[in-house]
Amino acid sequence: MSNGQYCMRQVCQYIESMPADLTAEKFCRLITSYIRFLYSQYDVDMELLTEIPTERMAASAVIYSVGRKEIWMVGDCQCLVDGVLYENPKPYEEPIADMRSAFIRLALLNGSAAEEFQNVDKGRQFVLPVLIENCKHQNKTFAVIDGFPIPMQHVKVIPVGQAKEIVLASDGYPYLKESLADSEQALARLIEKDPLLIHEFRATKGVMKGNRSFDDRTYIRFSI
């Protein structure tokens with residue numbers, strides 16, 4: 001199990017048992033303390049985690065608070081509120097995706113086959129050092145749940161008011177729609193047209209051979 005998968009499971013367990021009247025700020029403080037506690041249970045070297053953020057377990061979360069009628073977005077996730085899209089992307093990810101796109105498009109112009117990049121994504125390898133370097137800004141210029149203090153200015157809190165329907169989703173859906181079927185269909189059309197994700201929708205990775213998509217997908221829709 002990866003650090004991210006383990007962190008995701010721990011965050012899910014915490015959300016299931018947390019008090020219903022928490023504010024977004026208090027949730028961020030308490031979940032940080034909880035992950036910090038887990039580090040201590042496994043005797044993790046905190047100096048190492050401070051210096052090398054990629055060694056931390058980390059996860060994003062998008063949460064609907066029934067009591068406060070708010071959506072909290074911690075990390076790169078997205079939602080629809082009565083059809084209105086809200087996103088909370090990582091900074092710098094768009095220019096990094098542009099770098100990967102330019103690298104692959106130049107390789108294709110020089111005679112490389114597109115299929116090569118679905119076996120070994122050399123574009124991803126090209127931008128990986130920049131992605132790793134960007135992790136040093138974790139919980140500085142963008143928020144993530146990783147056991148270190150979460151800057152609230154990078155947590156998006158959305159009042160839903162009298163909204164009727166909400167969709168919460170991970171960033172694995174390039175085009176978030178008001179139904180799962182439509183979101184999946186839009187994703188399938190994109191992958192069929194551009195599996196390397198270097199043209200219309202540029203990403204830091206493409207669809208590898210044997211995979212159904214380029215990233216994990218989570219989608220939930222409910223009425224309130």
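The values are calculated or read from the model by the stated rules, or taken from the named source; none is laboratory data. All values reported here derive from a predicted model rather than from experimental measurement. Positions of Cβ are backbone-derived with ideal geometry, glycine not excepted, and every protein chain shown enters the neighbour counts. Note: areas computed on protein heavy atoms with side chains; ligands, DNA, RNA excluded. Shrake-Rupley method; radii C 1.70, N 1.55, O 1.52, S 1.80 Å.
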Would you confirm whether any residue within region 69-85 is more than 30 Å from Leu180 (Cβ to Cβ), out of contact with any Leu (no Cβ under 7 Å at 6 or more places or on another chain) and surrounded by fewer than 20 Cβ atoms within 10 Å (Cβ to Cβ)?
no
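State whether the residues of region 13-31 include one that is more than 30 Å from Ser223 (Cα to Cα), open to solvent by 40 Å² or more (accessible area, probe 1.4 Å), out of contact with any Asp or Glu (no Cβ under 9 Å at 6 or more places or on another chain) and modelled with pLDDT of 95 or more. Quick ask: steps written out before the conclusion?
Taking region 13-31 as the starting set, the residues that turn out to be more than 30 Å from Ser223 (Cα to Cα) are none.
Within region 13-31, not a single residue is more than 30 Å from Ser223 (Cα to Cα), open to solvent by 40 Å² or more (accessible area, probe 1.4 Å), out of contact with any Asp or Glu (no Cβ under 9 Å at 6 or more places or on another chain) and modelled with pLDDT of 95 or more.
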Where residues in region 157-182 are of a type in the set (Asp, Glu) and within 21 Å of Val74 (Cα to Cα), which of them is surrounded by the most Cβ atoms within 10 Å (Cβ to Cβ)?
Asp171
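With the condition being among the β-branched types (Val, Ile, Thr), I'd like the strands (runs of 3 or more DSSP E) fully within region 17-122 carrying at least 2 qualifying residues. Show your work before the answer.
Working: elements: 61-65, 70-74, 77-81, 84-87.
Result: 61-65, 70-74.
Hey, can you tell me all the residues within region 45-68 that are surrounded by fewer than 16 Cβ atoms within 10 Å (Cβ to Cβ) and over 27 Å from Phe222 (Cα atoms)? Lay out the reasoning, then the answer.
Applying the first criterion (surrounded by fewer than 16 Cβ atoms within 10 Å (Cβ to Cβ)) to region 45-68 yields 45-48, 50-52, 54-55, 66-67.
Asp45, Met46, Glu47, Leu48, Thr50, Glu51, Ile52, Thr54, Glu55, listed by residue number.
Take the conditions out of contact with any His (no Cβ under 9 Å at 6 or more places or on another chain), in contact (Cβ under 8 Å) with a residue 12 or more places away in the chain, open to solvent by 20 Å² or more (accessible area, probe 1.4 Å) and within 23 Å of Val11 (Cβ to Cβ) and apply them to Asp146. Does it pass? It would help to see each step written out before you state the result.
Working: out of contact with any His (no Cβ under 9 Å at 6 or more places or on another chain): yes; in contact (Cβ under 8 Å) with a residue 12 or more places away in the chain: yes; open to solvent by 20 Å² or more (accessible area, probe 1.4 Å): no; within 23 Å of Val11 (Cβ to Cβ): yes.
Criteria not met by Asp146.
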Among residues belonging to region 9-48 that are under 22 Å from the mean Cα position of the chain (by Cα) and of a type in the set (Asp, Glu), point out the one that is nearest to Gln153 (Cα to Cα).
Glu25
Failed item, numbered, when Ile104 is tested on (1) open to solvent by 10 Å² or more (accessible area, probe 1.4 Å); (2) more than 23 Å from Arg217 (Cα to Cα):
(1)
Which one is farthest from His199 (Cα to Cα), of the residues in region 107-138 that are open to solvent by 60 Å² or more (accessible area, probe 1.4 Å) and of a type in the set (Val, Ile, Thr)?
Ile132
Against the condition surrounded by 11 or more Cβ atoms within 10 Å (Cβ to Cβ) and part of a loop (DSSP other than H, G, I, E, B), how does Met1 come out, does it pass?
no
Tyr42 fails exactly one of the following numbered conditions: (1) open to solvent by 30 Å² or more (accessible area, probe 1.4 Å); (2) under 19 Å from Arg221 (Cα atoms); (3) of a type in the set (Ser, Thr, Tyr). What is the number of that condition?
(2)
